[in-house]
Amino acid sequence: MARFVYRLQKVLEMRERKVKEQEQVVIEAKKFLAQAQQKVLAKQQEIRSAQQSMHAGPHTLLAMHDRFIHRSMQELEVLEQERHQAERRVVEEAKRLIEYQAEMEALVKHKEKAYDEWKAEEKRAEMKILDEVATQRFFRNKLAKAVEDAEDLEIYRAEHGGDVPEGMGAF
């Protein structure tokens, strides 16, 4: 019995690699997003600390605190934009991963269907061989029975002088 060979196996393997690579891209995008969120949180904490120290510090440093907070707020806006870009990238990469997984799943189902068809064809071929063997066996047995009947007929003729009773005669 021959073994099953899927003719699109290389394509399936390529799609599996594509899915694994895309999973890594999604993981990296999520790591980048987490880092961006940490930077935003750190900057927010820095601004809060500066605002608290501004109230507790001397009034001569108010202008400097104000400039620092203003610059920190601008940096925070940039960091939040980076975070939003990272979120969009995660969503895009996740969608791409889902597409790749769907493509791979379609090929897996195609492979299963091809395997089932191959299995059915192998079974049909095996049944054909078994039918042929059974047919040959039937005709061999029939021939052997005919030869045996002919021998019995010859023996009977030899013993009874050539007369053959009705029903035992010609074939």
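Using the Karplus relation 6.51 cos²θ - 1.76 cosθ + 1.60 with θ = phi - 60°, the per-residue 3J(HN,Hα) values for segment 73-84 come to 5, 5, 4, 4, 4, 5, 5, 5, 4, 4, 5, 5 Hz, with x marking Gly and Pro. Of (i) 66; (ii) 20; (iii) 14, which is the value of percent of Cα pairs over 29 Å apart derived from the coordinates here? Of the listed options (i) 66; (ii) 20; (iii) 14, (i) comes from this structure.
Residues of the chain were split at every exposed loop site, defined as trypsin sites (Lys or Arg not before Pro) in a DSSP loop with at most 11 other C-beta atoms within 10 angstrom, and the longest piece left, sites excluded, is 8-171.
Simple point charges give the picture: +1 on the Cβ of Lys and Arg, -1 on the Cβ of Asp and Glu, and for the chain a dipole about the Cα centre of about 1640 debye. Counting alpha carbon pairs within less than 8 Å and at least 6 residues apart, what relative contact order, in whole percent, applies to the chain? Relative contact order comes out at 32 percent. Each residue of segment 19-31 was assigned a 3J(HN,Hα) from its phi angle through the Karplus expression (A = 6.51, B = -1.76, C = 1.60, θ = phi - 60°), giving 5, 5, 5, 5, 4, 5, 4, 5, 4, 5, 5, 5, 5 Hz with x at Gly and Pro.
Given their separation in residues at 0.36 nm each and the Cα-Cα distance between them, residue 128 and residue 21 gain 33.9 nm when the chain is fully extended.
Our coupling estimate for segment 95-112, obtained by passing each phi through the Karplus curve with A = 6.51, B = -1.76, C = 1.60 and θ = phi - 60°, is 4, 4, 4, 4, 4, 5, 5, 5, 4, 5, 4, 4, 5, 4, 5, 4, 5, 4 Hz, Gly and Pro reported as x. Seen from residue 9, the other residues with C-beta closer than 14 Å to its C-beta sum to a net charge of +3, counting Lys and Arg as +1 and Asp and Glu as -1. Set Lys and Arg Cβ to +1 and Asp and Glu Cβ to -1, take the dipole of the chain about its Cα centre, and tell me which of 68, 134, 29 lies farthest positive. Most positive-ward Cα: 68. When the Cα centres of segment 1-66 and segment 93-146 are compared, how far apart do they sit, in Å? Their Cα centres are 49 Å away from one another. Annotation: lysines with alpha-carbon distance below 17 angstrom to residue 30 (same-chain offsets under eight excluded): 20, 39, 95.
Just so you know, all these numbers are worked out from the coordinates, no wet-lab data involved. What you see is a predicted model; the values in this text were computed from it and never measured. Every residue, glycine among them, receives a Cβ derived from its backbone with ideal geometry; neighbour counts consider all protein chains shown.
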